[in-house]
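The next block holds one structure in the form of structure tokens; read it before the comments.
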Amino acid sequence: MNNTVWMNQLSWVDYQTRVQQDQPPVLLPVGALEQHGPHLPLGTDGLLSSAVAADTAALVGGLVAPTLSYGYKSQPKCGGGQHFCGTTSVDAATLIGQVRDAVREFARHGLTKLVIVNGHYENQWFLIEGIDLGLRDLGPDAKLQVMRLEYWDFMTPDTLGDVFRDGFPGFALEHAAVLETSMMLHYHPNLVRMDLLSDDGPADFPPYDMYPPRTDWVPASGVLSSAKDSDAVKGKLLADEVARRMAEALRSGFERPVQ
């Protein structure tokens with residue numbers, strides 16, 4: 001039987017056998033199609049959530065489902081905003097519906113453990129709503145448990161201190177900056193254009209939002225904080241810690257079966 005972690009590389013027969021024999025956790029990465037400066041690809045959020053999901057799945061005997069690659073609307077203070085060419089977003093109801101349907105479908109397969117791995121800051125609350133509605137549809141007798149997480153929450157202060165010698169600017173301002181660029185250099189170095197690196201930021205946003213959004217608040221490059229200190233060594237340090245700690249979370253989080 002094919003021992004890949006990628007669900008879409010299995011036949012339905014092999015997938016059914018894995019589910020019935022092993023009850024593996026299935027990790028569902030969720031990303032976005034969003035600008036990440038001139039040096040990173042539009043699909044960075046999905047590529048990173050998928051990569052850390054695969055590393056984690058390998059540690060726990062899990063499977064990785066195909067990535068949901070369109071995310072909720074890019075916000076100026078954490079993603080640059082909707083005005084960049086290539087940023088292609090969905091309404092909240094669309095993302096909620098995708099997750100709701102996925103929860104129901106994976107339950108129908110006989111899964112008991114589903115992990116939503118978020119790679120796009122703006123998705124969070126709509127993933128929660130989709131999970132809640134999906135479980136409500138299944139009813140109280142469903143055996144499926146769902147874990148939702150943002151992979152960056154598994155980076156410890158000690159590791160962030162090693163990566164940011166001059167101080168960590170915060171996850172929101174890290175859009176297309178050191179964390180994402182370093183991890184992309186580790187996972188997908190052929191997709192990173194270090195020769196096009198911008199030295200913008202850190203962006204200085206006011207403590208309020210305006211609608212329509214003020215595009216002049218955002219650096220023209222779309223980078224909210226400088227990525228000039230990025231490298232693959234930092235990316236591997238971050239990736240290894242995230243996968244290890246996510247694996248620990250899966251083992252502890254799914255410890256108790258649904259009664």
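For region 38-147, which helices (runs of 4 or more DSSP H) that fit wholly inside it have 1 or more residues that are of a type in the set (A, V, I, L, M)?
In region 38-147, 44-60, 92-108, 124-138 are the helices (runs of 4 or more DSSP H) which contain 1 or more residues that are of a type in the set (A, V, I, L, M).
Is it fair to say V19 is hydrophobic (A, V, I, L, M, F, W, C), in contact with a helix residue (DSSP H, G or I) (Cβ under 7 Å, 6 or more places away or on another chain) and at pLDDT 95 or above?
It is false that V19 is hydrophobic (A, V, I, L, M, F, W, C), in contact with a helix residue (DSSP H, G or I) (Cβ under 7 Å, 6 or more places away or on another chain) and at pLDDT 95 or above.
Six or more apart or on different chains, Cβ atoms under 6 Å: show the pairs whose first residue is in region 1-24 and under 19 Å from V115 (Cβ atoms) and whose second is β-branched (V, I, T) and surrounded by 10 or more Cβ atoms within 10 Å (Cβ to Cβ).
From region 1-24, the pairs are V5/V64; W6/V64; Q23/T112.
Against the condition without any contact (Cβ under 8 Å) to a residue 12 or more places away in the chain and part of a loop (DSSP other than H, G, I, E, B), how does F168 come out, does it pass? First the steps, then the outcome.
On the way: without any contact (Cβ under 8 Å) to a residue 12 or more places away in the chain: yes; part of a loop (DSSP other than H, G, I, E, B): yes.
Judged against the criteria, F168 is a match.
For the subset of region 179-194 comprising residues that are aliphatic (A, V, I, L, M) and under 21 Å from the mean Cα position of the chain (by Cα), which member is nearest to C78 (Cα to Cα)?
Residue satisfying both the conditions and the ranking: L179.
So that you can scan it fast, the table gives a plain yes or no per residue for (1) surrounded by 15 or more Cβ atoms within 10 Å (Cβ to Cβ); (2) farther than 24 Å from R148 by Cβ; (3) touching a strand residue (DSSP E or B) at 6+ places or on another chain (Cβ under 6 Å):
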| residue | (1), (2), (3) |
| --- | --- |
| P219 | yes, yes, no |
| A227 | yes, yes, no |
| S230 | yes, yes, no |
| L238 | yes, no, no |
| M246 | yes, no, no |
| A249 | yes, no, no |
| F254 | yes, no, yes |
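Only one residue in G139, G134 is among the small types (G, A, S), modelled with pLDDT of 95 or more and in contact with a helix residue (DSSP H, G or I) (Cβ under 6 Å, 6 or more places away or on another chain), so which one is that?
G134 is the lone residue from the list that is among the small types (G, A, S), modelled with pLDDT of 95 or more and in contact with a helix residue (DSSP H, G or I) (Cβ under 6 Å, 6 or more places away or on another chain).
Inside region 19-41, can you point out the residues that are buried (at least 20 other Cβ atoms within 10 Å of the Cβ) and over 30 Å from L224 (Cβ atoms)?
Step one: list which residues in region 19-41 are buried (at least 20 other Cβ atoms within 10 Å of the Cβ), which gives 25-37, 39-40.
Residues satisfying the conditions are P25, V26.
Can you tell me which residues in region 126-181 are of a type in the set (V, I, T), more than 18 Å from I96 (Cα to Cα) and surrounded by fewer than 17 Cβ atoms within 10 Å (Cβ to Cβ)?
Correct list: T156 only.
How many of the residues making up region 195-217 are within 24 Å of the chain's Cα centre (by Cα) and hydroxyl-bearing (S, T, Y)?
1
The values are calculated or read from the model by the stated rules, or taken from the named source; none is laboratory data. A quick note: this is a predicted structure, and the numbers were derived from the prediction, not measured. Here the Cβ is made from the backbone with ideal geometry for all residues, glycine too, and neighbour counts use every protein chain on show.
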